[in-house]
Structure formats: C-alpha cells, structure tokens
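Worksheet: the structure to be examined is printed underneath.
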Amino acid sequence: DDNLFLTEITRLLDLPQDIIDNKSSLPLIDIITGLAHNQFCAFYQPIYDLRQGKAVQIEALARWRHPTMGILGPNQFIGMLEHEGFISLLTHRIVQTGLDLLIRGPDTQDLRLSINLSRRLLDDREFLDWLVEQVESRGLAFDRIVLEITETMAFTNFGHTLATLLRLRMRGFELSLDDFGTGHTTLEHIKNLPLTELKFDRILIKDIHRDARSQSIIAGMANIARELGLRMVAEGIDNPQDLDFLCAHHPDIELQGFLLCKPVPAEELGRHLFPSCQSSRRA
Ligand code: C2E
Ligand code: MG
Ligand code: MG
Ligand code: MG
C-alpha cells in the first residue's frame, strides 16, 4: 500500500520520517511517481520589450501534468520537492527542455531563458557544474540564460551566496533578483550582488496606474537600477491601465503578465512572441 511504499522509500533515501505523516493532498509519493513518469514540464511565459514590440525573454515555470488532477502549478508541489531534496530532479528536466527550446528555434533564437533556482541548488556545486556543462555542450551563449534568485535567498549565508553568484556571473550567466519588493533586500545587497536584472514583484506593479506610492517606489527603484545598469522586469501586468502607465513612464522596463501572455506550453510559444495587447499610448 502507498503508505508502506512511502515508508520504504523514506528509509532507502534516508529521508526524515515526518514526511510520511504529511497529510498534504499531494503526498511525496505522488510526486516521485510523477517524476518517474515524466509528468513534469515547464510552461513558458514571455517577457516583452515594448520598445522593440516583441518578447526578449521567456521564463520557464514548472508544471505538473497530473494524471487525474490536470495541470498543477508550482505552489502545489515545489515546496515539498524543495524540502525533500528532489528539486534538482525537476530542475534538471526544466533546464534541459528549456535549453533545447532555445536552440530548436527558429522563433526562440533571439530569446533569453529565465530559470528559477531554489536556494538548495545555489548551494549544490554538482548541480551548478552540470548546469554550466549543459549550456556549453549546446554551444549556447551564457548570457542568454538568466538565473532567477529570490530576495529571501540572497540573505541566508550571504558570503557563500555572494561567492557562488560571482562565479556564475563570471561564467557569463545573467542573474536576476526575483520578487523584488517582497523580501528584505538592502541597498548593500543591491550594491554587492553581481546582478544583471531586477524583477519588480507584482505587489509593486498591480494597480500602479492609480497608486501614487507604487509609482514613487518604482520611479525611485528604476532610477537606481538604471544607474547600476540593471535590466528591469515588471511582473504581474494584468490590466491595460497598468500597461499604459508603465509604457508612458518607464518604457525601458520589460513586461510580463497575464494581460500580455499567460504561461503557455512550448508548442504555443511561437504565437505569442509579439504581444497580443499593445499599450494604447504606443505609436
Ligand atoms: P515567480 O518566479 O515570481 O513567477 C511568476 C509567477 O507569477 C508565475 O506563477 C506566473 O504564472 C505568475 N504570473 C505571471 N503573470 C501574472 C499576472 O499577470 N497575474 C498574476 N496573478 N500572476 C502572474 P507560477 O507559475 O504559479 O509560479 C509560482 C512560483 O513558483 C514562481 O514565482 C517561482 O518562484 C516558483 N517556480 C516556478 N517554477 C519553478 C522552478 O522550476 N523551480 C523553482 N525553484 N521554483 C519555481
Ligand atoms: Mg521567477
Ligand atoms: Mg517573480
Ligand atoms: Mg513572484
């Protein structure tokens, strides 16, 4: 029975006993089975530069094609994978399919690919060496790969994180600070981390067209980012007013959000490399 199997796996893999007590609707056993049966994949969400009128980047977002529950998002499984150390299995798959997509083209040949990295992987030398090899063996330019780290991640064990990020940056990877505005980033971190991109969390973007405080924060932070030569991405664009506002005031901020395009399977990406929805203020 499932519980026995799980107990056995727990023992074999030397996992903490408490995982079998997990009463989540998606126990680890389902996830392991899903990984074994290749049920995990990535959807891709374009990030647009409206000055160029096209997508310049795609973000790989993990999805689980669950046999009975349909397509599940990361909030339903990433936490558990991360906790139990299976996140590298998933990320291997996401990296490989994402990199293959970049070279398969023709539509994706100019795009950068964003990969979300969990804290655990940033500390995993073996994984990072593997990642370098995957990019190299495909002959891809490292600066087409954007590694997204989150604000909270950047803090724990800062010295070690800094050393790792410097190494990745020197290799040529682009480095993005994701969900900026929700964590605890200090200017010291912004100053010292070798970032190439800031991603403003949707908490700062949502309703920016009528929220004076968001407007001020984005204006100030955007100036800092420009001074530092960082690219900027605004996530969570889900209404035309916010799109108009950002186009009018910050045309250099790249845009990602449901209004422009939801995350889609690779096969559908080709149709979405030009935004279906343009700002009305754009010439
Ligand atoms: P994230 O990296 O901040 O990704 C953006 C999330 O916002 C995605 O949710 C995306 O679908 C959603 N989003 C995009 N535009 C809009 C919008 O206009 N409105 C709203 N309400 N949401 C929007 P998703 O795919 O559910 O991913 C959630 C989080 O899971 C991601 O947040 C990321 O932190 C994590 N994640 C996703 N894939 C991976 C992965 O392969 N590895 C790791 N470690 N984490 C992942
Ligand atoms: Mg992200
Ligand atoms: Mg984000
Ligand atoms: Mg986010």
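The numbers here are math on the coordinates, done by the rules we state, and not lab data. Given the structure is predicted, the values throughout are model-derived calculations rather than measurements. With ideal geometry, Cβ positions are generated from the backbone for all residues, glycine too; neighbour counts draw on all protein chains shown.
Worth pointing out:
- Signed unit charges on C-beta, dipole axis of the chain, positive-most listed residue Ile145, Ser88, Thr161: Ile145
- Expressed in Å, the radius of gyration and Dmax of the Cα atoms of the stretch 21-113 are 15.4, 52.
- Restricting attention to the chain, close to 40% of DSSP beta bridges with both partner residues there are antiparallel.
- The chain, relative contact order in percent, only Cα pairs under 8 angstrom and at least six apart counted: 17
- Number of Lys pairs (Cα under 19 Å; 8 or more positions apart or on different chains) in the chain: 5
- If you look at the Cα atoms of the chain, you get an Rg and a Dmax of 19.6, 64 Å.
- Listing Arg120, Arg210 from fewest to most neighbouring C-beta atoms within 10 Å gives Arg210, Arg120.
- The chain, helix-only ellipticity at 222 nm - DSSP H runs n ≥ 4, -39,500 (n - 2.57), divided by all residues, nearest 500: -12000 deg cm²/dmol
- Scoring 232-239, 132-139 by mean Cβ neighbours within 10 Å over their residues and listing the highest first yields 232-239, 132-139.
- For the stretch 104-149: Kirkwood Rh in Å [reciprocal of mean 1/r, alpha carbons]: 11.6
- The mean of 1/r over all pairs of different alpha-carbon atoms in the stretch 144-218, once inverted, gives a Kirkwood hydrodynamic radius of 13.1 Å.
- Based on Cα contacts under 8 Å between residues 6+ apart, the stretch 44-129 shows a relative contact order of 28 percent.
- Structural descriptor for the stretch 112-220: relative contact order 23 percent, calculated from alpha carbon pairs under 8 angstrom and at least 6 residues apart.
- Between the C-alpha center of the stretch 119-189 and that of the stretch 24-65 there is a gap of 19 Å.
- Average projection area in nm² (convex hull over Cα atoms of the stretch 56-206, one quarter of hull surface): 10.0
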